[in-house]
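K.L.:
Please see the structure below; I have some questions.
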């Protein structure tokens, strides 16, 4: 990735940070968590939608009392959303925040490179 100069001939610290290996590493680490999490959640969500559309008999199957498979799938959507959020917060604190704090400190000190 190249850094371009502004009309005044100066390169912004943000551009330097954006072009740095550390920032690219940060973006890659972010993608390593987010892409699989999104893929799994969307797969789970579309399984729910497809079952609701094409297997209504299965979704109406009573598990206990008035609770059926469709209701459990719907509630599990909320559970999976909260679990992804919890995992993301833990992962972010442990891996992402440390690296992003270093970048932020570098930028605030004016040493983009």
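The values are calculated or read from the model by the stated rules, or taken from the named source; none is laboratory data. All values derive from a computational prediction rather than experimental measurement. Cβ coordinates were reconstructed from backbone atoms using ideal geometry, including for glycine residues, and neighbour counts include every protein chain displayed.
K.L.:
If you check 34, 17, which single one turns out to be surrounded by 12 or more Cβ atoms within 10 Å (Cβ to Cβ) and either in contact with a strand residue (DSSP E or B) (Cβ under 7 Å, 6 or more places away or on another chain) or modelled with pLDDT under 90 (or both)?
P.N.:
17
K.L.:
Would you say residue 47 is over 30 Å from residue 23 (Cα atoms), loosely packed, with under 13 Cβ neighbours inside 10 Å and without any contact (Cβ under 8 Å) to a residue 60 or more places away in the chain?
P.N.:
Working: over 30 Å from residue 23 (Cα atoms): yes; loosely packed, with under 13 Cβ neighbours inside 10 Å: yes; without any contact (Cβ under 8 Å) to a residue 60 or more places away in the chain: yes.
Criteria met by residue 47.
K.L.:
Pick out the one residue from 99, 77 that is part of a helix (DSSP H, G or I), in contact with a helix residue (DSSP H, G or I) (Cβ under 8 Å, 6 or more places away or on another chain) and more than 18 Å from residue 47 (Cα to Cα).
P.N.:
Exactly one of 99, 77 is part of a helix (DSSP H, G or I), in contact with a helix residue (DSSP H, G or I) (Cβ under 8 Å, 6 or more places away or on another chain) and more than 18 Å from residue 47 (Cα to Cα), namely 99.
K.L.:
Also: In the list 23, 41, 87, 78, which residue meets the criterion of being surrounded by 10 or more Cβ atoms within 10 Å (Cβ to Cβ) and over 25 Å from residue 103 (Cα atoms)?
P.N.:
Values: 23 fails: over 25 Å from residue 103 (Cα atoms); 87 fails: over 25 Å from residue 103 (Cα atoms); 78 fails: surrounded by 10 or more Cβ atoms within 10 Å (Cβ to Cβ).
Going through 23, 41, 87, 78 in turn, the sole match is 41.
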